[in-house]
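The values are calculated or read from the model by the stated rules, or taken from the named source; none is laboratory data. Since we're looking at a predicted model, the values are computed, not measured. In this analysis, Cβ positions are derived from the backbone assuming ideal geometry, glycine residues included, and neighbour counts consider all displayed protein chains. We work out accessible area using only protein heavy atoms, side chains counted, and drop any ligands, DNA or RNA first. Shrake-Rupley method; radii C 1.70, N 1.55, O 1.52, S 1.80 Å.
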Amino acid sequence: MRTLLLLLLAFGLFACKEEVAAPALEYRYEYFPLSIGQERLFIVDSILFDPLGNRVQIDSSKTFIRELVVDTFRNASNALEYSIERYERRNNAAPWVLKKVLSESRPIDQAQRFEDNFRLLKMAFPLKEGQTWDPLIFVDPFSKVEVKGEPLEMFKGWEAKVKSIDQSWNQYPSTLEIQFSNYENAIELRRGTERYAANLGLVYRELSVLNTQCLNACQGQPWEKKAQAGFILKMRRI
């Protein structure tokens, strides 16, 4: 009987050892919160470079943006998506004007945004510092967008990387910094970063998509001086 009890005890200890759960992964969904009723307010400063013969016209503008998460639906793959209405106005006194409807989704290991017929992989979960992924797995990286009548390969050289996580930035105690583009050669610049605040979402985006044919004469000049086509966009939450 004593031998039998010892065997049962040993078996019980072994079984308990086998049933110990592995540590839960920290996916860090708090940096991409998504629910019906969310309202996001932004202000966008943009600079457009318009090639006009032998000169370049530079246009600056300021736009206020309001995004409302209004509904959910199932896409063609039966995945849950959140429908978002985007409104714009030029100043605080003007009425909001509906400009487009886009969508976002957050399956277990991804955060996606579908806008202007482009589906971008914004985050790959679980998030950790130094992590990289392809933000264009759903997009042709050589797709062109038109800026002031000039077709540009906006996505050329894009690769996403977590630069920092859980770092304070401006008034936000915990933020995630993602660099989604850092590509440059003699005639092209594609550089972009985003900041997300915990339990709030996107709070800052900066994107430069610039082209130039000015080489020897512009050597050493900053892109803001030598750019001949493209745009610089800075977007912050308010």
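Residues in segment 37-47 that are touching a strand residue (DSSP E or B) at 6+ places or on another chain (Cβ under 6 Å) and either surrounded by fewer than 17 Cβ atoms within 10 Å (Cβ to Cβ) or in a helix (DSSP H, G or I) (or both): 38, 39, 41, 43, 44, 45, 46. If the condition is being on the phi > 0 side of the Ramachandran plot and surrounded by 17 or more Cβ atoms within 10 Å (Cβ to Cβ), then segment 155-207 contributes only 201.
Of the residues making up segment 77-134, those that are charged (D, E, K, R) and part of a loop (DSSP other than H, G, I, E, B) are 90, 106, 109, 116, 128, 129, 134.
Just one residue in the set 34, 68 is in contact with a Gly (Cβ under 9 Å, 6 or more places away or on another chain), in a loop (DSSP other than H, G, I, E, B) and within 30 Å of residue 128 (Cα to Cα); that residue is 34. Of everything in segment 2-36, what is at pLDDT 50 or above and open to solvent by less than 60 Å² (accessible area, probe 1.4 Å)? Give them in sequence order. Within segment 2-36, 28, 30, 31, 32, 33, 34, 35 qualify. Kindly list, by first and then second residue, each pair from a residue in segment 125-151 that is open to solvent by 90 Å² or more (accessible area, probe 1.4 Å) to a residue that is assigned to a loop (DSSP other than H, G, I, E, B) and not small (Gly, Ala, Ser), limited to pairs with Cβ atoms under 9 Å and residues at least 6 apart or on different chains. Hits for this filter: 128/26; 128/28; 142/153; 142/155; 142/156; 144/153; 144/154. Annotation: residue 53 fulfils all but one of (1) free of Cβ contacts under 8 Å to residues at least 12 places away in the same chain; (2) open to solvent by less than 50 Å² (accessible area, probe 1.4 Å); the unmet one is (2). Residues that are assigned to a loop (DSSP other than H, G, I, E, B) and either of a type in the set (Asp, Glu) or within 11 Å of the chain's Cα centre (by Cα) (or both) within segment 149-207 comprise just one, 153.
Please indicate, with yes or no, whether at least one residue in segment 72-82 is closer than 26 Å to residue 175 by Cβ and basic (Lys, Arg). So far as segment 72-82 goes, no, none of its residues is closer than 26 Å to residue 175 by Cβ and basic (Lys, Arg).
From the residues in segment 208-238 that are among the small types (Gly, Ala, Ser) and assigned to a strand (DSSP E or B), which one is surrounded by the most Cβ atoms within 10 Å (Cβ to Cβ)?
230
Scanning segment 97-115 for residues that are open to solvent by 20 Å² or more (accessible area, probe 1.4 Å) and either more than 15 Å from residue 83 (Cβ to Cβ) or of a type in the set (Gly, Ala, Ser) (or both) yields a count of 5.
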